[in-house]
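Engineer: Got a structure for you, written out below as structure tokens; questions coming shortly.
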Amino acid sequence: MVAMSKDPAATKITLSEEDVLKAYPWAYKELTNRLRERYTDFLVNQRYHDIRKPLANDPRYAKERFLVPGHANSPKTVFFNPNIVPEFDKHYTRKAF
């Protein structure tokens, strides 16, 4: 297990772009599609954005990275970890399967 720390004596770990993509594989569209499939009452509206935006700042659930790794002029976007889904379970009704 890895935990983030501000302790300067903590062990440092470097993640490659491939590691980041494995940990945070979903772009906004993929996250939105997964949530749309999961819930009966899900809509892409202000409620969704109000729930998602704070989670996007939490490193347990999201990571901002360049769309084209290694190119400093590339635009950045947020990628999401699938572990974010249970946070949405608190706000939406799951479909019965």
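Engineer: Residues in segment 55-77, backbone N under 12 Å from the label point at Tyr28 (7 Å along the Cα-to-beta-carbon vector): list them, ranges by number please.
Structural biologist: Residues 76-77 fall inside that zone.
Engineer: Let's see if you can work this out: charge +1 on each Lys and Arg Cβ, -1 on each Asp and Glu Cβ, no other charges. What is the dipole magnitude of the chain about its Cα centre, in debye to the nearest 20? Write out the running numbers ahead of the final one.
Structural biologist: Working: 17 positive and 12 negative charges, 45 e Å.
For this selection, approximately 220 debye.
Engineer: How tilted is helix 28-38 with respect to the longest principal axis of the chain? Cα atoms for both, answer in degrees (0 to 90, nearest 10).
Structural biologist: Helix 28-38 and the main axis of the chain meet at about 40 degrees.
Engineer: Which entries in Lys53/Lys95; Lys12/Lys53; Lys63/Lys95; Lys6/Lys29; Lys6/Lys53; Lys22/Lys76 show an alpha-carbon gap greater than 21 Å?
Structural biologist: Violating the 21 Å limit, Cα to Cα: Lys53/Lys95; Lys12/Lys53; Lys63/Lys95; Lys6/Lys29; Lys6/Lys53.
Engineer: Find out how many positive minus negative residues lie around Ala56, taking Lys and Arg as positive, Asp and Glu as negative, among other residues whose Cβ is under 13 Å from that of Ala56.
Structural biologist: Numbers: positive: Arg52, Lys53, Arg60, Lys63, Arg65, Lys76; negative: Asp50, Asp58, Glu64, Glu87.
It works out to a net charge of +2.
Engineer: What do you get for the angle between helix 46-56 and the principal long axis of the chain? Use alpha-carbon atoms, 0 to 90 degrees, nearest ten.
Structural biologist: With rounding to tens, the tilt is 20 degrees.
All of the numbers you see were taken from the coordinates with simple rules; none came from a lab. Owing to the predicted nature of the structure, the values given are computational and were not obtained by experimental measurement. As a convention, Cβ positions derive from the backbone with ideal geometry for all residues, glycine included, and neighbour counts pool all protein chains shown.
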